[in-house]
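Here's the structure, in structure tokens; my notes come after.
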Amino acid sequence: MVKTASNGIKEYSMGIAVVILAAGKGTRMNSDLPKVLHPIAQVPMLAHAIKSAQATDPDHIVVVAGHGADTVRKATAEYAPDAQVVLQEEQLGTSHAVAQAKAVLGDYDGDILVLYGDTPFISDQTIADIATARANADLVVLGFHAADPGRYGRLVTDGDTLEKIVEYKDASAEERAITLCNSGVMAARAADMFDWIDATGNENASGEYYLTDCVEIARARDKTASCVICDEAETLGVNSRAQLAEAEAAFQSRARAEAMENGVTLYAPDTVHFAYDTVIGRDTVVEQNVVFAPGVTVESGATIRAFSHLEGCHIARGGIIGPYARLRPGAELSEDVRIGNFVEVKNALIGEGSKVNHLSYVGDAEIGSGSNIGAGTITCNYDGVMKHKTTIGNDVFVGSNTLLVAPVTLGDKSMTATGAVITKDVEAEALAIARVDQVNKPRMAVKLFDILTKRKAKRNSETS
Ligand code: UD1
Ligand code: MG
């Protein structure tokens, strides 16, 4: 039932479909935005659950949407284009929510793994542990020991056997004293889970169809149930803005600790903000106040200097970025590239060892290796309607304050004079000068000063 993957983590061999519950309103968020779309680490909460789902290499991902279903559908399409979204028109409970996935998974013969869209931190290892536990039990529930069990459902166990889950509202005083709680995550064969779900009712304190009732129903049908226990931090759910902030803080502190464990130097860890998918190589140094938006990969031995903002970009070994640099989606920097202060790079390939050190905008461009882009250079990529490409060869020297009016190409080892407005291609090894010639007028400065001073005195006497 379980095989060992090449990375040593056990994974499902029989196929898995992940059902993500995301229909709830999240009343306590006090928001027009559905709860699962509030961001953590710069992506909707839902994207974290989707990422966990994707890590299982599933046959299906099914998102159960209800409140704000249209926007949930859009977000799902962005982060999991292959996922299917089913609608739960009325939120009648977690069992009823999973039942909606039948439309997609009715005759699926693998497992269903249930995740919540508002519980973003279940680790891949924990999911792998659930898969392993499924080898010995028909139903596996993920539990945790709660410091404050509050209103969580309680797991009633006998040795390794999970006997039932009791919701807080329906629990006796004795059951409420149990600190082993239900995270909401559970796994079983799809056919089994749908059978059990069909048998759930809503005669309970909430009048809801409880997914948790599946445990007792399964056991009454001679099926086995067990639980896997994870760290409480993984089960952190978000119900309010305060918990959203806590979740963000928890994510960031974990991401910082992981980065440092992986050999990344953070000068001031609390000031560095990571996205959910940031990847940084060993011996890279990240200075103070750096923000990583989604889609950033930094290789080993790079330096990201203070106050830089990076998104959707790749920095190869030895790059030095910032301070105050902005790398936008599609910035692809080869080894030892140098991007200096107040430089913005978007959708541009920059070759090995090239430098863009000061006050420049490089967008929709390709720059070869060993080139130097002078201070204040702008690629004029947008004509108001369309975007155009700038191509710069190897070992090119672009003079300060050059405007490169795209589409335009600078050949290898060419040069532009300071202040040039380049509208035509420059052939290899040529110098392009495109500016008005300088004229010096002897003594003109003194005369001009004199005229202006007199004009000012006249104006002052008229108004006084
Ligand atoms: C649920 C569990 C409880 C567990 C807790 C962990 C049940 C009956 N109870 O309680 O044992 O300790 O989670 O957080 O399952 N949802 C839908 N449609 C619905 C109802 C819920 O999509 O009709 C979604 C919600 O959006 C949410 C998740 O399912 O993401 C859990 O629902 P919620 O109402 O928060 O359940 P709890 O009462 O917290
Ligand atoms: Mg809840």
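Bear in mind that the values in this text are calculations on the coordinates, not laboratory data. Keep in mind the model is a prediction, meaning the values are calculated, not measured. Positions of Cβ are generated from backbone atoms using ideal geometry, with glycine treated the same way; all protein chains shown enter the neighbour counts.
For the range 186-192, backbone phi angles converted through the Karplus equation (6.51, -1.76, 1.60; θ = phi - 60°) give residue-by-residue couplings of 8, 9, 6, 4, 4, 4, 4 Hz, Gly and Pro being listed as x. Ranked for footprinting exposure by Cβ neighbours inside 10 Å, fewest first, Cys380, Cys181 give Cys380, Cys181. One quarter of the convex hull surface built on the alpha carbon atoms of the range 17-85 amounts to 4.2 nm², the projected area averaged over directions. With an a/c value of 1.5 or above and a/b larger than b/c for the gyration tensor axes a ≥ b ≥ c computed over the alpha-carbon atoms, the chain is described as prolate. By the helix-only formula, in which each DSSP H run with n ≥ 4 contributes -39500 (n - 2.57) and the sum is divided by residues, the chain has a 222 nm mean residue ellipticity of -6500 deg cm²/dmol. Here's how it looks for Ile392: its modeled amide H is under 5 Å from those of Glu366, Ile367, Gly368, Leu410, which are all 5 or more places away or on a different chain.
Simple point charges give the picture: +1 on the Cβ of Lys and Arg, -1 on the Cβ of Asp and Glu, and for the chain a dipole about the Cα centre of about 3260 debye.
Against the longest alpha carbon principal axis of the chain, how many degrees, from 0 to 90 and to the nearest 10, is the axis of helix 45-54 turned? Between the helix axis and the principal axis of the chain, the angle is about 70 degrees.
Note on the range 2-235: Kirkwood radius taken over Cα pairs, Stokes-Einstein applied at 20 °C and 1.002 mPa s, translational D equal to 121 µm² s⁻¹.
Spin-label model, Asp198 to Arg443: label points 7 Å out along the Cα-to-beta-carbon direction sit 10.8 nm apart.
Between the amide H of Cys227 and those of Val141, Leu162, distances stay under 5 Å, these residues lying 5 or more places away or on another chain, with hydrogens modeled in the peptide plane.
For the range 2-235, the number of Lys pairs with C-alpha atoms closer than 23 Å, counting only pairs eight or more positions apart or on separate chains, is 16.
For the chain, what relative contact order do you get, as a whole percent, if you take Cα pairs closer than 8 Å and at least 6 residues apart? Each step should come with its number before you reach the end.
Working: 1170 pairs, mean separation 39.0, N = 464.
For the chain, the relative contact order is 8 percent.
Annotation: the antiparallel percentage among DSSP beta bridges lying fully within the chain is about 20. Applying both filters, DSSP loop and at most 12 other Cβ atoms within 10 Å, to the trypsin sites (Lys or Arg not before Pro) of the range 369-434 gives Lys424. Put in line by how crowded their Cβ is, counting other Cβ atoms within 10 Å and starting with the fewest, Asp336, Asp437 read Asp437, Asp336. Just tell me which lysines come within less than 18 Å, Cα to Cα, of Lys346; anything on the same chain fewer than 8 places away is out. Cross-link targets: Lys355, Lys387, Lys389. Bridgeable aspartates and glutamates around Lys458 (alpha carbons under 20 Å apart, same-chain partners fewer than 8 residues away excluded): Asp450. In sequence order, the range 152-161 has phi-based couplings of 5, x, 9, 8, 9, 10, 9, x, 7, 8 Hz under the Karplus curve 6.51 cos²θ - 1.76 cosθ + 1.60, θ = phi - 60°, and Gly or Pro positions carry x.
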